[in-house]
Amino acid sequence: MSRRPDIAVFGSGAWGTALSMAWARQGAQVALWGHPPDAMREMMRLRVHPRLQDVALPESVHPLVEPDEAFRAPIWVSALPTQVSLPVWTRLKAQAPALPELLIHASKGILQSTHGRLSESLEPLLGLPVGVLSGPTFADEVSRGLPAAIVLALPV
């Protein structure tokens, strides 16, 4: 990736990849980080997600094995599975040279351990405001650019 990414999506499942594709279609340079490394290398090589195979990744989506390039983006989006988000963000925070002003999380569900919303735990963990992106959407439809309704709630 030659220039600084506009958006970094952490979590390369179908949902994180679909969001990356939607932002890329709007002109953003998107860093897409996920696990396992072999799956990310395969996504780099084939330019498709295994669950979204009928849609190629736009050129401005950059799958990453290491999060270094993603850390450079001014906007971070967490699309990690809810139940692994807190330990993964604990590790990522320790690696990041700096944090953005805002993290947006797009993970569905509540934390099984506390029955709380993920944003309630991410804010104190990361020490920054957390917005929430949600809606009645499906990754397959978003990846293909079909009409969708998504709500973004930002802290004041």
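The values are calculated or read from the model by the stated rules, or taken from the named source; none is laboratory data. Not measured: the values here are computed from a predicted model. Please note: Cβ atoms are built from the backbone with ideal geometry, for glycine as well, and neighbour counts cover all protein chains shown. Note: accessible area is taken over every heavy atom of the protein model, side chains too, but ligands, DNA and RNA are not part of it. Shrake-Rupley method; radii C 1.70, N 1.55, O 1.52, S 1.80 Å.
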| query | Here is a list of conditions, (1) open to solvent by less than 80 Å² (accessible area, probe 1.4 Å); (2) on the phi > 0 side of the Ramachandran plot, and His115 meets all of them except one; can you say which number that is? | reply | (1)
| field | Subset tally (residues that are under 16 Å from Phe10 (Cβ atoms) and surrounded by 14 or more Cβ atoms within 10 Å (Cβ to Cβ)) for region 36-56 | value | 4
| field | Contacts under 8 angstrom Cβ, first residue in region 60-81 being under 14 Å from Ile7 (Cβ atoms) and open to solvent by 30 Å² or more (accessible area, probe 1.4 Å), partner assigned to a helix (DSSP H, G or I) and among the acidic types (Asp, Glu), 6 or more apart | value | His62/Glu69
| Taking only pairs six or more apart or across chains, which ones have beta-carbon atoms under 7 Å, a first residue in region 18-41 that is under 19 Å from Phe138 (Cα atoms), and a second residue that is in a helix (DSSP H, G or I) and hydrophobic (A, V, I, L, M, F, W, C)? | Ala18/Ala139; Ala18/Val142; Leu19/Val142; Ala22/Val142
| request: Restricting attention to helices (runs of 4 or more DSSP H) lying wholly within region 1-73, give those where 3 or more residues are in contact with a strand residue (DSSP E or B) (Cβ under 6 Å, 6 or more places away or on another chain). | output: 14-25, 37-46
